[in-house]
1. Any residue that is modelled with pLDDT of 95 or more, closer than 19 Å to residue 151 by Cβ and either in contact with a Gly (Cβ under 9 Å, 6 or more places away or on another chain) or small (Gly, Ala, Ser) (or both) - is there at least one of those in segment 86-102?
2. For segment 145-164, which residues satisfy the criterion of being in a loop (DSSP other than H, G, I, E, B) and out of contact with any Gly (no Cβ under 7 Å at 6 or more places or on another chain)?
3. Residue check, residue 125 against (1) within 22 Å of residue 44 (Cβ to Cβ); (2) in contact with a helix residue (DSSP H, G or I) (Cβ under 7 Å, 6 or more places away or on another chain), all met but one. Which one?
4. Name the pairs: first residue in segment 148-164 and open to solvent by 80 Å² or more (accessible area, probe 1.4 Å), second residue part of a loop (DSSP other than H, G, I, E, B), Cβ to Cβ under 6 Å, at least 6 apart or on different chains?
5. Checking the structure you have, find out if any residue of segment 113-127 is in contact with a strand residue (DSSP E or B) (Cβ under 7 Å, 6 or more places away or on another chain), exposed (fewer than 13 other Cβ atoms within 10 Å of the Cβ) and under 20 Å from residue 30 (Cα atoms).
6. Is it fair to say residue 127 is in a strand (DSSP E or B) and within 16 Å of the chain's Cα centre (by Cα)?
7. Conditions first: (1) in contact (Cβ under 8 Å) with a residue 40 or more places away in the chain; (2) surrounded by fewer than 19 Cβ atoms within 10 Å (Cβ to Cβ). Residue 30 passes all but one, so which condition is the exception?
8. For residue 95, indicate whether it is open to solvent by less than 70 Å² (accessible area, probe 1.4 Å), more than 11 Å from the chain's Cα centre (by Cα) and not β-branched (Val, Ile, Thr).
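The values are calculated or read from the model by the stated rules, or taken from the named source; none is laboratory data. This structure is a prediction, so every number in the text was calculated from the model and none was measured. Note that each Cβ is placed from the backbone with ideal geometry, even for glycine, and that neighbours are counted across all protein chains shown. Note: areas computed on protein heavy atoms with side chains; ligands, DNA, RNA excluded. Shrake-Rupley method; radii C 1.70, N 1.55, O 1.52, S 1.80 Å.
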Amino acid sequence: MKKIKYILFPLLLFGCVSANFFLNQPPMQQIVTISQGERSLKFEAESLIQDNTIRTKLTSDLYRGYAEIVYDHGQYKIKSRALPIDKKKAGSLKGDLYAAFFAGDYPFKSDEKMFGKVEITNIKKSIYAEDGYHLYDVFYNGKEIRIMNYVKEYIITIFSDKEY
């Protein structure tokens, strides 16, 4: 009986430990700013971004709130608390992140496709809907990404400690 305890206890202990949010990889440190008109919301973020995956933890000292965003092979999950973002705006962040990181398979690839035509030049990516409507422009400048959402009329700027 004692031998069974010695075998089962470590298995239970290690089985109860959940997977690391960043998949046991070092996260990027980022500053994310969402601007609409003269209003803006600033977050500190830790992110893991790779092919088919985004995992981001955003925190706002001003609102003492947080958000966790996970994109995994086409499936999104967003959890947030105490932030001045309604569910519609939080839902549109899914498209914004996909546009910035996966549309046109640049700078990362995703097996899922969300938009129509994508045009890529040196520093700019233009994203269109299936019917040809211009949805986004995404600008890349080393460690900075600027996402212009033409439908919702706001801009997201992401400053990162690493280049894309």
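1. yes
2. The initial filter retains those residues of segment 145-164 that are in a loop (DSSP other than H, G, I, E, B), namely 150-153, 161-164.
150, 151, 152, 153, 161, 162, 164, listed by residue number.
3. That leaves (1) as the condition not met.
4. Filtered contacts from segment 148-164: 163/142; 163/143.
5. Yes: segment 113-127 contains one or more residues that are in contact with a strand residue (DSSP E or B) (Cβ under 7 Å, 6 or more places away or on another chain), exposed (fewer than 13 other Cβ atoms within 10 Å of the Cβ) and under 20 Å from residue 30 (Cα atoms).
6. Values: in a strand (DSSP E or B): yes; within 16 Å of the chain's Cα centre (by Cα): no.
For residue 127, the condition - in a strand (DSSP E or B) and within 16 Å of the chain's Cα centre (by Cα) - is not met.
7. (2)
8. Values: open to solvent by less than 70 Å² (accessible area, probe 1.4 Å): yes; more than 11 Å from the chain's Cα centre (by Cα): no; not β-branched (Val, Ile, Thr): yes.
Taking the combined requirement at face value, the residue does not satisfy it.
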